[in-house]
Amino acid sequence: MSPQRSVRHTPGFPEEFKKVMIQQLGNESQHLFEVLNQKPPVSIRFNLSKRIEGNTQTQNEIVEWSESAVYLDKRPKFTLDPHHHAGVYYVQEAASMFVSYALKQYINNEGAKLRILDLCAAPGGKSTLLSELGKNNLIVSNELIRSRYAILRENLLKWGGLNYITTSQDPSSFSKLKAFFDIILIDAPCSGEGMFRKDRDARSEWSLGLVELCQKRQRRIISDVYEALKPGGLLLYCTCTLNRQENEDNIRWMQDNFKLKSVAIESEPDWGIKQSDVSDIYAYRFYPHLTRSEGFFISLLVRDGTPGGDASKVRKRNKNPDTLKLASKKMRSSLENYFLVSSNHHILEDQNGLYRLITEHILEDVQQLSQKLNKIHCGMPVGAFKRDSFIPHHGLAMAVDCDLHFPELSVDLETALRFLKKESLPIESQEKVWQILTFQGIKLGWVKAVTGRLNNYYPKEYRIKMHLDHA
């Protein structure tokens with residue numbers, strides 16, 4: 001069967017998309033079309049800072065380029081797993097996990113503090129992945145679209161890290177931060193060809209016009225953020241699409257217009273990752289028929305020059321000077337009645353009286369960025385005082401590397417799910433204080449006893465809406 005005939009008899013894909021793939025892959029394209037009509041693989045990545053009872057990682061096949069991730073034999077109802085809600089693992093497409101594998105090859109000193117920007121961060125998978133690069137790093141997770149920003153904040157809160165700043169800025173806002181970041185990750189908005197298997201609607205929305213529109217948007221984003229990258233810094237560009245126009249053409253455009261040069265990423269031949277055949281470019285593509293993943297493109301570029309001088313300093317301005325301030329020694333002492341505040345932590349108070357816990361390594365950066373960017377959320381919210389009574393925030397239960405001075409209440413699966421649905425729990429308790437509800441040793445959130453029941457303080461915006469018939 002000729003390639004032209006296979007185009008006519010391959011259902012469900014735009015004709016122009018099939019022509020583009022045939023041009024790139026030849027007769028091999030038929031195999032791609034067949035696989036894109038099959039069920040996608042399922043993979044999850046474990047939170048290395050949260051341990052559950054037993055080791056489920058040994059029961060599944062490990063993702064080749066991520067020791068913290070596994071493939072699942074089938075897709076379970078993640079909504080009905082308390083571990084999912086507690087940030088024990090993240091459901092993530094396997095190819096996306098290659099981001100940290102690529103970056104680790106060019107991070108020479110893993111103990112050093114890096115400033116990292118995840119520019120188009122929602123829903124948060126890659127931002128949680130970046131935590132594997134070190135706890136000393138600052139991770140700025142940005143998402144312009146407000147609805148997606150809420151999802152990003154939720155996922156990072158559940159992951160529990162203390163070294164995040166989340167913000168919702170247009171990419172052009174970061175141009176003010178001259179030579180500030182060591183690493184910039186641009187997971188660019190794209191035409192989504194690599195997700196045709198998982199998202200059937202993407203097929204009907206695809207067009208050559210959309211590809212051209214996405215390329216223009218991608219180049220604007222790159223132009224807006226380029227000046228924020230340090231000389232010698234890394235820019236990692238990736239998409240979940242397969243065509244060359246949004247991928248190799250953009251890499252060549254970056255090399256022609258900026259002081260950027262793509263560099264090689266090592267991988268094992270049997271992983272099935274295909275290196276681009278475009279000359280003078282190092283770029284890599286995950287085709288679903290060659291790798292156990294969705295479609296994905298990645299290229300790593302280095303900005304010419306050597307970091308140094310004061311280029312990475314951000315001058316403060318007087319706008320909103322008291323947006324974030326260090327908690328007083330008296331307040332820090334009061335908060336130590338509720339959780340251990342180590343010498344590696346700082347506590348900040350925001351304009352709403354909410355206290356936030358951050359790692360000491362990012363304090364100066366947080367103070368600088370709070371002056372330079374519009375509204376930001378930093379670290380982990382831990383709670384506030386109301387008439388001298390401490391009201392713990394859900395983030396305090398989710399935080400990692402934080403010892404809490406509260407009693408714990410262990411429950412079974414059914415009770416855990418009812419808690420996550422934000423139902424009242426008919427449980428008698430002698431403890432008339434705040435308690436942490438746990439399931440298999442993992443913290444789920446806060447309850448407080450009243451007569452005959454436990455009041456449920458799980459955030460209503462996170463609650464399970466699914467019926468529990470199959471729990």
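Here are a few things to note about the model shown:
- Any chance Asp388 is open to solvent by 70 Å² or more (accessible area, probe 1.4 Å) and within 18 Å of Asn352 (Cα to Cα): yes
- Pair list, Cβ < 6 Å and 6+ apart or interchain, from segment 395-409 residues that are over 19 Å from Ser429 (Cα atoms) to residues that are open to solvent by 30 Å² or more (accessible area, probe 1.4 Å) and modelled with pLDDT of 95 or more: Ala397/Lys443
- Test for Lys178: is it closer than 24 Å to Arg51 by Cβ, charged (D, E, K, R) and at pLDDT 95 or above: no
- Residues of segment 424-442 that are open to solvent by less than 60 Å² (accessible area, probe 1.4 Å), closer than 17 Å to Ile464 by Cβ and not aliphatic (A, V, I, L, M): Phe439 alone.
This table checks each residue for (1) open to solvent by less than 20 Å² (accessible area, probe 1.4 Å); (2) assigned to a loop (DSSP other than H, G, I, E, B); (3) at pLDDT below 90.
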residue	(1), (2), (3)
Phe297	yes, no, no
Val314	yes, yes, yes
Lys319	no, yes, yes
Asp322	no, yes, yes
Ser342	no, yes, yes
Glu349	no, no, no
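- With respect to the conditions (1) at pLDDT 95 or above; (2) more than 30 Å from Glu227 (Cβ to Cβ); (3) surrounded by fewer than 17 Cβ atoms within 10 Å (Cβ to Cβ), Ser328 lacks only one, and its number is (1).
- Scanning segment 443-471 for residues that are at pLDDT 85 or above, farther than 18 Å from His393 by Cα and open to solvent by 60 Å² or more (accessible area, probe 1.4 Å) yields Lys465, Met466.
- Count - residues of segment 174-188 that are part of a loop (DSSP other than H, G, I, E, B) and within 24 Å of Cys214 (Cβ to Cβ): 1
- Annotation note: Cβ proximity below 8 Å between a residue of segment 344-358 that is at positive phi and a residue that is not in a loop (DSSP other than H, G, I, E, B) (sequence gap 6+ or interchain) occurs for Gly353/Ala384; Gly353/Phe385.
- Residue satisfying condition, being in contact with a strand residue (DSSP E or B) (Cβ under 7 Å, 6 or more places away or on another chain), touching a residue at least 24 places away in the same chain (Cβ under 8 Å) and over 25 Å from Arg285 (Cβ atoms), within set Leu144, Leu177, Leu156, Leu185: Leu156
- Candidates Ile251, Ile281, Ile265, Ile273: the one that is closer than 25 Å to Asn142 by Cα, of a type in the set (Val, Ile, Thr) and surrounded by 15 or more Cβ atoms within 10 Å (Cβ to Cβ) is Ile251.
- Among the conditions (1) at pLDDT 95 or above; (2) open to solvent by less than 20 Å² (accessible area, probe 1.4 Å); (3) farther than 26 Å from Arg356 by Cα; (4) out of contact with any Asp or Glu (no Cβ under 6 Å at 6 or more places or on another chain), Gly209 misses just one, which is (2).
- Qualifying residue in segment 253-267 (condition: more than 22 Å from Asp118 (Cα to Cα), more than 21 Å from the chain's Cα centre (by Cα), modelled with pLDDT under 95 and of a type in the set (Ser, Thr, Tyr)): no
- Search result, residues across segment 189-226 that are polar (S, T, N, Q), assigned to a loop (DSSP other than H, G, I, E, B) and closer than 21 Å to Tyr287 by Cβ: Ser191
The values are calculated or read from the model by the stated rules, or taken from the named source; none is laboratory data. These figures come from a predicted structure and were not determined experimentally. Positions of Cβ are generated from backbone atoms using ideal geometry, with glycine treated the same way; all protein chains shown enter the neighbour counts. Remember, those area values only see protein heavy atoms, side chains included, never the ligands or the DNA or RNA. Shrake-Rupley method; radii C 1.70, N 1.55, O 1.52, S 1.80 Å.
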